[in-house]
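A.B. asks: After the C-alpha cells below, expect a handful of questions from me.
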C-alpha cells in the first residue's frame with residue numbers, strides 16, 4: 001500500500017510487444033506479464049497475423065486490457081479484448097450469425113469457410129489453441145478461455161458463469 005492505494009509491482013514483468021505482422025494498440029501496462037508468457041503470446045500472435053495475411057506494412061492491431069484476479073496478480077495471465085479494430089464480443093456475434101445462417105442444409109460449407117477466413121476473433125482464438133502452450137494447474141482446465149471455448153475447446157464443458165465472464169475477451173495464462 002502506498003498512500004492508501006494498492007500498487008501492483010512490475011518487478012520482473014515485461015509488456016507484450018508488437019511483432020512484424022501485428023502491433024499492440026493498447027498501453028504497455030495493460031499486458032505486463034512474465035517474460036515466459038510474453039514470449040508465448042508474441043509467438044502465437046506472429047503466427048496468427050502471418051496466417052491471416054497481415055504484412056509488416058499493414059500489421060493487425062491487438063488490444064489488451066489489464067486483469068485483476070488470479071494469475072493476473074503475478075503477471076501469469078493476459079486478456080485480449082480486440083483484434084483488427086473490433087472487440088471479441090463483436091467478432092463472436094458475427095460468428096454466431098454466420099453459423100446460424102449456414103446451419104440450413106442448403107447452405108454450402110463454402111460460406112462457413114469464408115467466415116473462418118474473415119473472422120479475426122475466431123482465427124486468433126484458434127491460433128492460441130493450436131500454437132500456444134498454456135498453463136493447466138492440477139485439477140483445473142487449460143488456461144485458455146474466451147467466447148469460442150464451448151464450441152472450440154480446449155475445455156468445452158466450461159460453466160455458464162465462467163463462459164459469461166469471458167464473453168468479451170480471450171484469457172490466456174502460463
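Bear in mind these aren't lab numbers, they're just calculated from the coordinates by the rules spelled out. This is a predicted model, so every value here is computed, not measured. When we count neighbours, we look across all protein chains shown, and the Cβ atoms used for this are built from the backbone with ideal geometry, even at glycine.
A.B. asks: Can you tell me how much longer the chain between residue 97 and residue 114 gets when fully stretched, taken as 0.36 nm per residue apart minus their C-alpha distance, in nm with one decimal?
C.D. replies: 4.8 nm
A.B. asks: Among the DSSP beta bridges whose two residues both lie in the stretch 15-173, what percent are antiparallel, rounded to the nearest 5?
C.D. replies: Working: 13 of 16 bridges.
Roughly 80 percent of the beta bridges in the stretch 15-173 run antiparallel, per DSSP.
A.B. asks: Helix 35-51 sits at what angle to the longest principal axis of the chain, using alpha carbons and giving 0 to 90 degrees rounded to 10?
C.D. replies: Taking Cα atoms only, the helix is inclined about 20 degrees.
A.B. asks: Treat each spin label as a single point 7 Å out from the Cα along the C-beta direction, and report the residue 81 to residue 157 distance in nm.
C.D. replies: 3.3
A.B. asks: Per-residue ellipticity at 222 nm for the chain, helices alone: DSSP H runs ≥ 4 residues times -39500 (n - 2.57), over residue total, nearest 500 deg cm²/dmol?
C.D. replies: Counting only the DSSP helices, I get -11000 deg cm²/dmol.
A.B. asks: Here is a follow-up. Which whole-number percentage describes the relative contact order of the stretch 15-173, with Cα contacts under 8 Å and a sequence gap of 6 or more?
C.D. replies: 22
A.B. asks: Another question, if that's okay. Return an integer: the convex hull volume of the alpha-carbon atoms of the stretch 15-173, in Å³ per residue.
C.D. replies: 109
A.B. asks: Just to confirm the number: angle between the C-alpha axis of helix 109-118 and the first principal axis of the chain, 0 to 90 degrees, nearest 10?
C.D. replies: With both axes taken from Cα atoms, the answer is about 30 degrees.
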